[in-house]
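One structure is given here, and the rest of the page talks about it.
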Amino acid sequence: MYRFFAQPQVNEENNSIFGYELLLRTEENGSWKLPEDFTAISIDEQANLLEQISKKLNTALHDIVLAFNLNQKQANNPLTLGSIIALKKRINPAALTIELTEAPTLSEMKEISSILHQYDIDVVLDDVGTGSNTYDNVKYLLPYVDQIKFAMQNLRMNGDADKIPDCLSFWVKLAKKYRLDMVLEGVENKADQILAKEFGIYIQQGYLYGKPALV
């Protein structure tokens, strides 16, 4: 069984819910965990689950953004973009954003961006600075996206928490240069909130605002 868990993204500038990141989980032996293979469930099936969540959260009425992750294998599937576009039409006028967890090639990004933008679907680079979304891998992709997400928890898990301020400074400058929105992920306490405010990042996500929960 697969379900999406929702984690809130908060706009600290006006203390409102900006949106939800929807995180796929699978149930095994009575507990929920990350799927070993995110492609084991088709994009069409995931889209149906997302549509149900959109109705439950009444996203169209409350102007709330739903953020949906795609890895490189999913993004390269020729059927994926069509399923996402069909989903967007079904949940209109609710907002939908696609978070790319792995950097595509430049040609792939141009195609993804061009097609999704026609349907008012924003494109996000997730976990910038870590994994495959390092600066060298994404620097040519930045003109084609709308938002970047910086995940502080990734640096903490790697024992590099002390590098967070310098890394944040680097990505904030890039976001300003390319006129990108920015989300700070891994906000866990008041100190993280203060750090976000110092860098002018108002869209925040993390355990301080809520853990991923079954909708």
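The values are calculated or read from the model by the stated rules, or taken from the named source; none is laboratory data. Note that the structure is predicted; figures quoted are calculated from it, not measured. We place every Cβ from the backbone using ideal geometry, glycine too, and count neighbours over all the protein chains shown.
Data for the structure
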{"item": "Selection status of D120, on the phi > 0 side of the Ramachandran plot, surrounded by 14 or more Cβ atoms within 10 Å (Cβ to Cβ) and in contact with a strand residue (DSSP E or B) (Cβ under 8 Å, 6 or more places away or on another chain)", "result": "no"}
{"item": "Candidate set from region 114-131 (those that are hydroxyl-bearing (S, T, Y) and more than 15 Å from the chain's Cα centre (by Cα)); member that is nearest to K89 (Cα to Cα)", "result": "Y119"}
{"item": "Matching entry among D44, D63 (being in contact with a helix residue (DSSP H, G or I) (Cβ under 9 Å, 6 or more places away or on another chain) and acidic (D, E))", "result": "D44"}
{"item": "Single residue of L208, L195 found to be surrounded by 14 or more Cβ atoms within 10 Å (Cβ to Cβ), free of Cβ contacts under 8 Å to residues at least 24 places away in the same chain and more than 20 Å from N71 (Cα to Cα)", "result": "L208"}
{"item": "Selection status of L66, at pLDDT 90 or above, in a helix (DSSP H, G or I) and closer than 23 Å to V183 by Cβ", "result": "no"}
{"item": "Region 14-60: number of residues that are of a type in the set (D, E) and modelled with pLDDT under 90", "result": "4"}
{"item": "Subset of region 161-173 [in contact (Cβ under 8 Å) with a residue 24 or more places away in the chain and farther than 20 Å from I98 by Cα]", "result": "I164, P165, C167, L168, S169, F170, V172"}
{"item": "Residue within region 9-17 that is surrounded by fewer than 14 Cβ atoms within 10 Å (Cβ to Cβ), out of contact with any strand residue (DSSP E or B) (no Cβ under 9 Å at 6 or more places or on another chain) and closer than 24 Å to L184 by Cβ present", "result": "yes"}
{"item": "Single residue of E36, E27 found to be acidic (D, E), farther than 24 Å from S114 by Cα and part of a strand (DSSP E or B)", "result": "E27"}
{"item": "Some residue of region 138-160 being charged (D, E, K, R), part of a helix (DSSP H, G or I) and in contact (Cβ under 8 Å) with a residue 24 or more places away in the chain", "result": "yes"}
{"item": "Members of region 85-107 found to be over 18 Å from the mean Cα position of the chain (by Cα) and either of a type in the set (D, E, K, R) or not in a helix (DSSP H, G or I) (or both), listed by number", "result": "K89, R90, N92, P93, T105"}
